[in-house]
Amino acid sequence: MFRLGFLLLIVIGVLLAITNPGKQQHQQAVGQKLAQQSGLGETFGAAAGDMLAKADLLPLTYQNYFLFSKTTMHGRTMSIGLLTKAWPTGEVRAAAPGELPFDPSGELPFDAN
């Protein structure tokens with residue numbers, strides 16, 4: 001029984017590692033969420049998300065943990081990936097009119113502690 005459980009655990013680990021989404025899938029998920037929040041609608045949001053992912057315009061840091069992955073921006077988790085799918089988190093939001101997605105002074109717009 002122990003051997004079967006151990007074998008099952010190894011198979012699940014290998015499956016998760018093989019199906020872990022890459023950086024482009026995370027960029028696409030975050031880009032689509034940003035575009036939808038900007039009021040572009042679902043169709044244009046998907047197209048805009050694809051364009052953002054291909055152009056690599058989002059300053060996302062991809063972190064691969066083998067069984068799952070995530071992207072962060074300025075210390076905030078923007079998406080989580082598992083089983084070939086990347087899901088944007090609640091941290092993803094569109095910038096307000098006139099708001100930059102980063103602080104030009106180099107300071108973080110939130111308390112990092």
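The values are calculated or read from the model by the stated rules, or taken from the named source; none is laboratory data. Since the structure is predicted, the reported quantities are computational estimates derived from the model, not experimental observations. All Cβ positions, even for glycine, are placed from backbone atoms using ideal geometry, and neighbour counts span all protein chains on display.
Residues checked against (1) out of contact with any Leu (no Cβ under 9 Å at 6 or more places or on another chain); (2) at pLDDT 75 or above; (3) not in a helix (DSSP H, G or I):
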| position | (1), (2), (3) |
| --- | --- |
| I10 | yes, yes, no |
| G13 | no, yes, no |
| P21 | no, yes, yes |
| V30 | no, yes, no |
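Here is the figure for the range 1-38: residues that are over 12 Å from F66 (Cα atoms) and of a type in the set (G, A, S) total 5. Checking each residue in the range 73-95 for being modelled with pLDDT of 85 or more and buried (at least 17 other Cβ atoms within 10 Å of the Cβ) picks out M78, S79, I80, G81, A86, P88.
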